[in-house]
Structures are given as structure tokens and as C-alpha cells.
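A short write-up of the structure that comes next.
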Amino acid sequence: MEMEKLVALCRRRGFIFQSSEIYGGINGFWDYGPLGVELKRNIKEAWWHDMVQNPPLGPDGQEIAMVGVDCAIIMNPKVWQASGHVDTFADPMVDCKKCRKRYRADTVFFAGLAAPEQPVSIVLAVEATEKTEAARLLQAEQQRLVKKRKISDGLTATIHTAKEAPPEWARPCPAPGCDGQLTEPRQFNLMFETYVGALKDASSVAYLRPETAQGIFANFRNVLDSTRLKLPFGIAQVGKAFRNEINPRNYTFRSREFEQMEIEFFCHPAESMKWYQYWREVRIKWYTHLGVQSERLRPREQDKDELAHYSIGTTDIEYLFPFADEPQELEGVAHRGAYDLTQHAKFSGKDHTYFDEDAWQRDKEQYPDPKAAQEAKTKEPYRFIPHVVEPSAGVDRFTLAVLCEAYAEDEIGGEPRTVMRFHPRLAPIKAAILPLVNKEGMPEKAHALYRELKSQFNVFYDEKGAVGRRYRRQDEAGTPYCITIDGQTLQDATVTIRDRDTTQQWRVPMQGVAEELRKRLRPGM
Ligand code: GAP
């Protein structure tokens with residue numbers, strides 16, 4: 001599947017538009033149109049339903065306790081000091097000293113070319129998402145230069161990113177036609193800054209949140225005190241996050257404004273690996289359940305040097321997008337240990353420990369001496385800072401994966417068609433109601449059915465043009481079912497239902513249509 005075709009369809013059919021397009025757009029920002037907003041809402045609702053309201057049973061067959069929060073985007077800046085974002089949430093960047101273009105240092109790849117037993121004499125540069133793509137582009141560039149006799153044949157290439165290239169190498173700019181040199185890498189903080197209140201000075205600086213997670217950590221105490229939750233339990237949040245990415249790229253994949261669906265799952269430290277395993281499995285299953293082909297999806301354990309400052313271990317759930325040679329991150333499932341709650345306890349001065357009352361009641365006879373009992377109560381396993389497992393998914397990245405996965409071209413009766421094969425739960429429109437012809441009482445019957453279904457599902461009424469063309473339009477919008485009112489409907493009150501993927505049709509009584517749709521759209525993993 002070519003990305004250009006998908007991007008064109010998304011614009012033409014109202015899934016995704018460039019933000020402020022009429023003014024030339026703004027890099028890294030996107031708007032969702034009428035179909036896109038429904039798709040995205042369905043994704044968020046499926047996640048909330050399957051993870052928060054009805055999560056799969058735990059590893060020992062137990063019910064999983066989950067609640068949600070919806071926190072402010074702008075928080076007290078101390079939150080971001082405590083979380084480590086002010087000091088460490090940065091990407092290394094490099095600038096071209098000539099054309100002034102700025103790059104993320106780990107997306108510029110150099111090939112150092114050397115004759116046998118000789119030092120590197122020529123350096124080529126390209127911009128790429130990962131090493132395989134970079135190697136392919138650099139090899140093509142090397143061959144081109146050999147053909148043009150600009151460099152000799154038989155030079156061996158060593159590849160490094162601009163972040164780790166040896167200091168003696170030249171650092172050419174990868175922009176086509178630019179012969180400038182890049183600077184050494186410098187750290188660039190990704191948080192967007194703003195000012196709160198009438199004063200614009202250092203005392204009023206605040207940040208647009210770069211992740212929804214910290215709203216959850218900052219409310220851990222509030223949630224614990226206002227509910228009767230006991231460990232283990234999870235707190236979930238869906239919402240906007242903002243990062244001033246150096247190079248937004250690959251359509252919506254790396255944006256500057258995006259949405260996250262995050263869970264912070266709090267548990268006893270001794271059980272944290274069990275829960276890490278549980279969430280990894282649950283989250284992978286969720287994607288396959290919603291129609292993502294398992295061969296394009298893979299879990300990948302991050303290497304120690306890739307881990308974020310808070311993480312003991314992270315598994316990225318990756319998807320092979322058509323724009324990349326290697327799978328890219330859809331979601332990270334991180335074992336954050338006690339890092340965040342410890343930091344917030346330290347910076348806020350508020351107690352963030354958890355007292356396991358049940359374990360204490362069970363064991364207290366073991367401590368007949370009151371002094372020893374008091375001492376035991378303040379220590380693990382009775383009092384401790386919970387550990388956290390965090391499945392953190394990107395709404396926009398999954399929306400993009402769903403769009404890529406759904407896009408298909410086939411032939412129906414010798415005619416080519418483009419069809420979006422969305423999982424019925426995610427499809428923006430669930431069914432289209434179509435009178436076969438725009439007369440003989442069919443529009444009236446179709447309209448009555450439309451009105452009945454409208455209160456329960458997102459359905460669409462269309463009476464314009466030949467029915468074949470109306471089917472094609474719905475196929476392109478990814479509508480799983482088309483319900484047609486025809487001559488027979490007027491006689492026996494049955495209608496046809498057409499399946500988008502097989503194009504097969506079957507008849508059902510008009511009054512059974514809502515039930516039939518409900519059955520086919522039923523949630524659950
Ligand atoms: N709280 C942990 C956290 O934020 P992350 O790996 O930085 O971890 C989690 O982000 C998810 O958010 C990613 O897996 C991705 O789906 C999404 N995400 C991160 N940066 C993004 C960006 N610039 N554009 C779109 N989605 C992004």
C-alpha cells in the first residue's frame with residue numbers, strides 16, 4: 001500500500017486534514033474530519049470499554065480494579081521537575097551551519113567511506129527513521145556517486161548516526177543540494193512552554209503536558225483517599241499531550257499535538273513483574289482483536305540504553321507501517337518501579353506510601369510485642385511505595401495503523417474499488433440505509449428505518465445516485481453494512497443487508513435490523 005494513496009483518501013473523504021490548511025498548514029499538527037473524528041472516538045471508546053470498564057481477568061483469574069481521571073493539561077510546573085521532564089525530556093538535535101535546518105541527531109545517518117586499511121575519507125549523509133532505511137539510502141547514494149565517477153569503487157561504508165559519529169568525521173548536512181556542515185549534538189527540551197496569568201516572566205512559566213501519566217501520579221493520593229480501592233488497581237486517562245518534536249514526520253505518526261491512552265497500574269513491588277507480563281499480553285491481544293494483522297505487530301523489549309529515565313524495563317508494541325522498513329512504536333508498556341511516586345513524595349512533601357491493611361490484619365498475631373508491631377507496620381510488606389506498570393498507547397498512532405491496515409483495493413464484478421476494511425467496532429459509520437430507487441414509497445420506508453437506527457448507532461441515509469455507486473462510497477468510508485429497501489420490502493417488510501468485505505447480501509425482517517447490527521457490533525475482547 002502506498003502512503004500517498006491513503007493520505008489522498010483521508011483528505012478526500014474527510015478523515016484527516018492538515019491543520020490550518022488554508023494558511024499553508026503548520027508542521028506537526030493535524031485535524032480530524034467528520035469520518036476521522038468518529039474513527040478516533042470509536043478507538044478511544046473501545047479502549048475505555050475494554051481496559052477500564054471491562055478489562056480481561058487477571059493472571060490468577062481475579063477481577064481487575066480500574067478507575068479513570070481527566071486532569072488539566074496545564075499543571076503546577078513542579079510536577080515536571082519532580083517527573084524529571086524539565087531536566088531530561090530532551091532529544092539531541094543538530095543544526096546545519098549553512099541552511100539552518102534542524103534535525104534530531106538520531107535521524108541523521110552518516111556513512112563513513114574508506115579504502116581498505118585507510119581512515120574514513122568521505123562522509124555521506126541521509127535523513128531516515130531507522131538504520132535499515134538509512135543503509136538502503138546511503139548505499140544508493142554511494143552507487144550513484146561511483147557511477148558518476150565522483151568516488152572510486154570498492155570503498156567500505158561504516159554507518160553511524162549524527163549522535164554517535166566519531167569526532168574526526170566530517171558532518172555533512174543531509175538536505176539535498178546543501179554542502180553545509182552540521183553542529184555537534186545539543187540537547188533540546190521537547191516541552192512546550194507557556195505563561196500563566198498576566199505576568200510573562202520566569203515565575204509564571206508553565207508547560208503543556210508532554211504525557212497524561214503525570215496527572216495520574218499527582219492524583220494517586222486523591223484517588224486512594226476518595227475511593228475504597230486496594231492494591232492492585234489501575235488509574236486510566238485519555239487526553240491530549242504536546243511535544244515540540246524537532247522533526248514531525250510520517251503523516252500523523254510523529255506529531256506535536258497528539259492524544260494518549262494511558263494506564264498507571266499500581267501494585268505491590270513483589271508482584272510487579274507478574275503485572276508487567278499481564279499488561280504486555282493484554283495490550284498485544286487488544287490490537288489483534290481490533291483487526292491488526294499479527295504479522296505486522298511485534299513486541300520488542302527495549303535495550304538497556306534505550307530506556308527512559310524512569311524505566312526498569314519497557315516493551316514496545318510495534319507495527320510495521322508502510323512508510324518504514326522496520327516496525328515502529330505504537331505503544332510502550334513500561335515497568336516504572338516506584339520512580340514517579342517517590343519523586344512526587346520528595347517534591348511535594350506528601351506521603352505517597354500505601355498501607356496494606358489486609359496483609360497486616362492477616363499477620364498481626366506474629367508481632368505480639370507492641371513496639372515490634374508498630375515498627376513492622378511502617379515497613380514492607382505492610383507499608384511501601386507501590387510499583388507501577390504503565391501501558392501507554394498513542395490514539396493517533398493507532399488510528400494511523402487502523403487506517404493503513406484497513407486500506408485495500410480489489411475488484412467487484414470486474415470494477416476496481418477502494419475499500420476500508422475497518423473492524424465493525426471502529427468503523428466511523430456502522431450502516432448506510434439506502435432506498436433502491438427514489439420513488440414507489442421506498443424513501444419513506446428507508447427514512448423510517450433510518451430514524452429508528454439513528455438513536456442507537458451512527459448510521460447514514462443516502463438516496464442519491466445509482467445504488468452501485470452508493471455502495472462504493474460506503475466501501476471507501478469503511479461502512480461495514482449497507483441496508484437496502486427494495487420492491488420486496490414493500491410486500492413483506494424485509495430488507496437486504498450487504499456485507500462490505502464479501503459484498504454478500506441476505507434478507508432480514510426490517511424490525512430485526514437493529515438487533516442484527518447490535519450482535520455484529522458487540523464489544524469485547
Ligand atoms: N507516559 C509514557 C510515555 O508518554 P512515550 O513512549 O513517550 O511514553 C507513549 O509515549 C505513546 O504516545 C507512544 O507509544 C506513542 O504511541 C505516543 N506518542 C508519543 N510521542 C508521539 C508523537 N510525537 N506523536 C504521536 N504519538 C506520540
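Structure values in brief
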{"read-out": "Residues of region 330-342 classified as out of contact with any Phe, Trp or Tyr (no Cβ under 8 Å at 6 or more places or on another chain) and either more than 23 Å from residue 230 (Cβ to Cβ) or of a type in the set (Phe, Trp, Tyr) (or both), total", "value": "1"}
{"read-out": "Count of region 135-179 residues which are in contact (Cβ under 8 Å) with a residue 40 or more places away in the chain and in a loop (DSSP other than H, G, I, E, B)", "value": "14"}
{"read-out": "Conditions (1) out of contact with any helix residue (DSSP H, G or I) (no Cβ under 6 Å at 6 or more places or on another chain); (2) at pLDDT 95 or above: number failed by residue 419", "value": "(1)"}
{"read-out": "Residue satisfying condition, being more than 10 Å from the ligand (Cβ to nearest atom) and either more than 16 Å from residue 260 (Cβ to Cβ) or not basic (Lys, Arg) (or both), within set 326, 318", "value": "326"}
{"read-out": "Any hit, region 47-62, residues being part of a helix (DSSP H, G or I) and over 23 Å from residue 522 (Cα atoms)", "value": "no"}
{"read-out": "Scan of region 1-35 for residues that are part of a loop (DSSP other than H, G, I, E, B) and not aromatic (Phe, Trp, Tyr), ordered by number", "value": "1, 2, 13, 14, 19, 20, 24, 25, 26, 27, 28, 33"}
{"read-out": "Answer residue from region 238-250, given it is outside any loop (DSSP other than H, G, I, E, B) and basic (Lys, Arg) and is surrounded by the fewest Cβ atoms within 10 Å (Cβ to Cβ) among those", "value": "240"}
{"read-out": "Subset of region 182-223 (residues that are away from the ligand (no atom under 16 Å from the Cβ), under 30 Å from residue 162 (Cβ atoms) and of a type outside the set (A, V, I, L, M, F, W, C))", "value": "183, 184, 185, 186, 187, 193"}
{"read-out": "Residue 254 vs. criteria buried (at least 21 other Cβ atoms within 10 Å of the Cβ), charged (D, E, K, R) and near the ligand (Cβ under 10 Å from one of its atoms)", "value": "yes"}
{"read-out": "Given (1) under 24 Å from residue 404 (Cβ atoms); (2) free of Cβ contacts under 8 Å to residues at least 24 places away in the same chain; (3) loosely packed, with under 13 Cβ neighbours inside 10 Å, index of the condition residue 306 fails", "value": "(1)"}
{"read-out": "Strands (runs of 3 or more DSSP E) (entirely within region 332-430) containing at least 1 residues that are within 16 Å of the ligand (Cβ to nearest atom) and within 24 Å of the chain's Cα centre (by Cα)", "value": "387-394"}
{"read-out": "For residue 240: the one exception among (1) out of contact with any helix residue (DSSP H, G or I) (no Cβ under 8 Å at 6 or more places or on another chain); (2) away from the ligand (no atom under 13 Å from the Cβ); (3) among the basic types (Lys, Arg)", "value": "(2)"}
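Residues are listed down the side, and each one gets a yes or a no for (1) surrounded by 15 or more Cβ atoms within 10 Å (Cβ to Cβ); (2) within 16 Å of the ligand (Cβ to nearest atom); (3) in a loop (DSSP other than H, G, I, E, B):
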position	(1), (2), (3)
225	no, no, no
236	yes, yes, no
262	yes, yes, no
273	yes, no, no
278	yes, no, no
285	no, no, no
299	yes, yes, no
310	yes, yes, yes
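Condition check ((1) in a strand (DSSP E or B); (2) in contact with a Phe, Trp or Tyr (Cβ under 6 Å, 6 or more places away or on another chain); (3) among the aliphatic types (A, V, I, L, M); (4) in contact (Cβ under 8 Å) with a residue 40 or more places away in the chain) across all residues:
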{"residue": "71", "(1), (2), (3), (4)": "no, no, no, yes"}
{"residue": "86", "(1), (2), (3), (4)": "no, yes, yes, yes"}
{"residue": "95", "(1), (2), (3), (4)": "yes, no, no, yes"}
{"residue": "103", "(1), (2), (3), (4)": "yes, no, no, yes"}
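The values are calculated or read from the model by the stated rules, or taken from the named source; none is laboratory data. As the structure is a prediction and not an experimental result, all values here were calculated from the model. A quick note on method: Cβ atoms are made from the backbone with ideal geometry, for glycine too, and the neighbour counts reach across all protein chains shown.
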